[in-house]
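A quick write-up on the structure given underneath.
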Amino acid sequence: MLALNTTTSAATVNLASPRTRPLIRGILTTAVAGSHIGKAPVRYSSDVLIELSDEPFSDTDSRFFNKRTLRVKGPKGEVKLPIEPFVKLRNQAPSGGNASPVSEGQLWVEVEDPKVKCQRAMWGTTRALISNSVIGVSEGFTTTLRLVGVGYRASMEGPDKRTLQLKLGFSHPVDIEVPPHLEVTTPVPTRIVVKGTDLQQINLFAAKIRQWKKPEPYNQKGIFVGSETIRKKEVKTH
């Protein structure tokens, strides 16, 4: 009967040991991914005018001292946007010449160095803000708020109908002044319609109205913005 040799050399054990085995780490080198949203051009019609100036966006707020001002003008009004110093805009305005008429303009957004995180983050954000401004001055934005609750009512008061009055079950009505760049109507007492060219300002004003009576999950009452819904909770009985 042959005996099997089960002993192994010390050298073999040392080479197989994870302590003595050399560490081999792969170095991954991948290209910096650009912004898919930022690369897409912003298309606008011939009745929209886009102008970029070097004047500061604000003379009173220090956050905007080094930011340029972009003006977007259209049939519905005008919107101003702050543009970062590292953002570059390449504009191809529509032309109405007889040789090669172009009825649609295009605006490309670029940054100086896409490898920098903050520049890469603002790339797509700037493009989205410009696109919203073009839609706002061309078509406008509309947001609807719904008042759900017994006795909840909304109406426009004041001599110029610029004061939104809410009756939400408090001992007194709530009066909210409407900003000059927004248009607010109440087609029915339980519905508020906010219109404007700046989507951000519309959402801010809608949030200001909503904070007076946020939707609660037990009776599902409150002020709902747009198609907002809330999941109903059951009341604990014990």
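Exactly one residue out of THR229, THR186 is surrounded by 11 or more Cβ atoms within 10 Å (Cβ to Cβ) and β-branched (Val, Ile, Thr): that is THR186. Among the strands (runs of 3 or more DSSP E) confined to the range 31-140, the ones with at least 1 residues that are under 26 Å from GLN201 (Cβ atoms) and in contact with a His (Cβ under 8 Å, 6 or more places away or on another chain) are located at 77-83.
Restricted to the range 61-72, and to residues there that are buried (at least 17 other Cβ atoms within 10 Å of the Cβ) and not aliphatic (A, V, I, L, M), the residue that is nearest to GLU183 (Cα to Cα) is THR69.
Of the residues LEU107, LEU52, the single one that is open to solvent by 60 Å² or more (accessible area, probe 1.4 Å) and closer than 15 Å to LEU129 by Cβ is LEU52. Taken over the range 195-226, the criterion of being over 30 Å from PRO82 (Cα atoms) and either among the aromatic types (Phe, Trp, Tyr) or open to solvent by 40 Å² or more (accessible area, probe 1.4 Å) (or both) is satisfied by TRP212, LYS213, LYS214, GLU216, TYR218, ASN219, GLN220, LYS221, PHE224. GLY105 passes every criterion in (1) within 29 Å of SER45 (Cβ to Cβ); (2) modelled with pLDDT of 95 or more; (3) out of contact with any helix residue (DSSP H, G or I) (no Cβ under 6 Å at 6 or more places or on another chain); (4) not hydrophobic (A, V, I, L, M, F, W, C) apart from (2). Filtering the range 148-174 to residues that are open to solvent by 40 Å² or more (accessible area, probe 1.4 Å) and either under 13 Å from THR190 (Cβ atoms) or among the small types (Gly, Ala, Ser) (or both) leaves VAL148, VAL150, GLY151, ARG153, LYS167, GLY169, SER171.
Using the structure shown, decide if LYS117 is open to solvent by 40 Å² or more (accessible area, probe 1.4 Å) and at pLDDT below 95. When the stated conditions are applied, LYS117 passes them.
The values are calculated or read from the model by the stated rules, or taken from the named source; none is laboratory data. Since we're looking at a predicted model, the values are computed, not measured. Cβ: placed from backbone, ideal geometry, glycine included. Neighbour counts: every protein chain shown. Ligands, DNA and RNA are stripped out before the accessible areas are found, and what is left, the full protein with its side chains, is counted by its heavy atoms. Shrake-Rupley method; radii C 1.70, N 1.55, O 1.52, S 1.80 Å.
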